[in-house]
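**Q** Before anything else, here's the structure in question.
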Amino acid sequence: MQTRIEEKPSTTKRMIVMILAVLGLIAVIAGIKVLSIMRMMAASKPPPPAVVSTAKAAYQDWQPELRAVGTLRAVRGADLALDVAGLVTRVNVKSGDEVRGGQLLLQLRDSEDIALLHQLEAAAALAEVTFARAKEQLAVQVISKADYDQAAADLKAKQAAVAQQQVNVAKKQLRAPFAGRAGIVTINPGAYLSSGTVIVTLQQLDPIYVDFHLPQKDLAELRTGQKVALRLDAFPDRTFEGTLSAISPKVDSDTRNVQVEAKVPNPDRVLTPGMFANVSVDAGAKQRYLTLPQTAVVYNPYGETVFVVIPKREADRRQAAAAAAADDPPREQQPKKPGKGPQLAPDALVVQQAFVTSGPRRGDQVAILKGLEEGVEVVTSGQIKLKSGSPIRIDNSVQPANSPNPTPQEH
């Protein structure tokens, strides 16, 4: 009797079949996914044009200036005090009063001094009568010359005592040494003051000085009488004009700066000593520069650039001219491949990057020395995503700062 033996596939063959099946399934899934992604890419719209703001390069007259930060100082100013101690009996000044030169501001108790002054004045009057009598007697030779000299010396001594006591009486009075505005008064009648105690500050405010420093390299451009303009944070809408009044004859050996003084009229007394001010000094004749906002210039390691706004047809013409200048006929003869998505119209606006050379700066503005012509429109904000040929949409509803004399803005 014969036994039938059934042959079964080996384990290796089964493993190979399973691996091939899994790889086939993965390939089908990957193909479906790639096809889906390609369809999505084909259906997606191109990104919209970048929104930018623009400005046109224009010529402006620039007045060369030397800028610094200065401190206001009164023409005359002093902290008033008495050199004697005493009890306050009267205060004749209020905080912020405008006082005259010589005006009595404060009085100490001086009754004892006045009484002594009257006593000395009486003695001096008696000595004067005695001297007059001695003079008459000497004329008729009734008394000796020695007696006459004694009477004259006694009169001078008594008059000197009166003068000294008058000084002592005056020391009990505080008078304004010059006209000006009084500061805050905190002394009241009945208070006892020690000698040297500051009673009130007095400042003459019209005109007022401003002290500032400039580098020694600017000395050749400084002259007394030059126009000076002051701008202060306290008065952002006002400019105070004055003249340069003095230049220090010595340069600071530590900072290599020179101290400069300017005088500014202050008829309404709004400027007060101690305030900081931004000072600008006119230096030289006016110059004419092609001007742009500083935000229009992009500073790169390889140079300074701006993005010029031009129509699409102009960009294509420039590109063709650049290719012809580069003498690259094979590339020119190659047919252009149509780009994906809708093509830009010839009148559509694009940007072209251009190298420029910048010059002096004034506030928010910068002078362009080379690379641009007057009337060229350039991008002033929104350059971060731009490159040559990028389409743009102009929105000038909000413009970057473009002031020659900017002031701090608080919101």
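**Q** Can you tell me which residue is modelled with the highest pLDDT among those in the range 216-247 that are among the small types (G, A, S) and surrounded by fewer than 15 Cβ atoms within 10 Å (Cβ to Cβ)? Reasoning before the result, please.
**A** Narrowing the range 216-247 to residues among the small types (G, A, S): 220, 225, 229, 234, 242, 245-246.
Adding the requirement that they be surrounded by fewer than 15 Cβ atoms within 10 Å (Cβ to Cβ) leaves 220, 225, 234, 246.
Values: A220: 84, G225: 86, A234: 85, A246: 89.
Across the range 216-247, the extreme among qualifying residues is A246.
**Q** Another one. Just a yes or no: is a residue in the range 144-154 exposed (fewer than 12 other Cβ atoms within 10 Å of the Cβ) and either at pLDDT 90 or above or closer than 30 Å to K94 by Cβ (or both)?
**A** The answer is no; no qualifying residue exists.
**Q** What strands (runs of 3 or more DSSP E) lie completely within the range 257-312 and have 3 or more residues being hydrophobic (A, V, I, L, M, F, W, C)?
**A** The strands (runs of 3 or more DSSP E) meeting that bar are 257-264, 276-282, 303-311.
**Q** Examine the range 375-385 for a residue that is among the polar types (S, T, N, Q), out of contact with any strand residue (DSSP E or B) (no Cβ under 6 Å at 6 or more places or on another chain), closer than 24 Å to A50 by Cα and modelled with pLDDT of 80 or more, and state whether such a residue exists.
**A** Residues of the range 375-385 among the polar types (S, T, N, Q): 380-381, 383.
Going one step further and asking which of them are out of contact with any strand residue (DSSP E or B) (no Cβ under 6 Å at 6 or more places or on another chain), we end up with none.
No, because not a single residue in the range 375-385 is among the polar types (S, T, N, Q), out of contact with any strand residue (DSSP E or B) (no Cβ under 6 Å at 6 or more places or on another chain), closer than 24 Å to A50 by Cα and modelled with pLDDT of 80 or more.
**Q** Also, quick follow-up: Condition first: closer than 30 Å to E112 by Cβ, of a type in the set (A, V, I, L, M, F, W, C) and in contact with a helix residue (DSSP H, G or I) (Cβ under 6 Å, 6 or more places away or on another chain). Can you find one or more residues in the range 162-184 that meet it?
**A** As a first pass, look at the range 162-184 and keep what is closer than 30 Å to E112 by Cβ: 162-177, 182.
In the following step, the residues that additionally are of a type in the set (A, V, I, L, M, F, W, C) were identified as 162-163, 167, 169-170, 174, 176, 182.
Now drop any that are not in contact with a helix residue (DSSP H, G or I) (Cβ under 6 Å, 6 or more places away or on another chain), which leaves 162, 169.
Looking for residues that are closer than 30 Å to E112 by Cβ, of a type in the set (A, V, I, L, M, F, W, C) and in contact with a helix residue (DSSP H, G or I) (Cβ under 6 Å, 6 or more places away or on another chain), one finds at least one in the range 162-184, hence yes.
**Q** Right, here's the next one. What tally of residues in the range 182-236 results from selecting those that are over 30 Å from L66 (Cα atoms) and either of a type in the set (F, W, Y) or in a strand (DSSP E or B) (or both)?
**A** The total comes to 8.
**Q** Which of the residues that make up the range 252-268 are exposed (fewer than 14 other Cβ atoms within 10 Å of the Cβ) and in contact (Cβ under 8 Å) with a residue 12 or more places away in the chain?
**A** Result: D252, T255, R256, P265, P267.
**Q** P400 is checked against (1) at pLDDT below 85; (2) outside the structural domain of T295 (by TED's automatic domain parsing) and fails just one. What number does that condition carry?
**A** Of (1) at pLDDT below 85; (2) outside the structural domain of T295 (by TED's automatic domain parsing), only one is false for P400: (1).
**Q** While we're looking at this one, here's another question. Can you tell me which residue within the range 126-147, out of those that are assigned to a helix (DSSP H, G or I) and among the small types (G, A, S), is nearest to the chain's Cα centre (by Cα)?
**A** Residue satisfying both the conditions and the ranking: A127.
**Q** Please give the number of the condition Q287 fails out of (1) over 19 Å from R362 (Cα atoms); (2) among the polar types (S, T, N, Q); (3) modelled with pLDDT under 85.
**A** For Q287, the failing item is (1).
The values are calculated or read from the model by the stated rules, or taken from the named source; none is laboratory data. Source: prediction; values computed, not measured. As a convention, Cβ positions derive from the backbone with ideal geometry for all residues, glycine included, and neighbour counts pool all protein chains shown.
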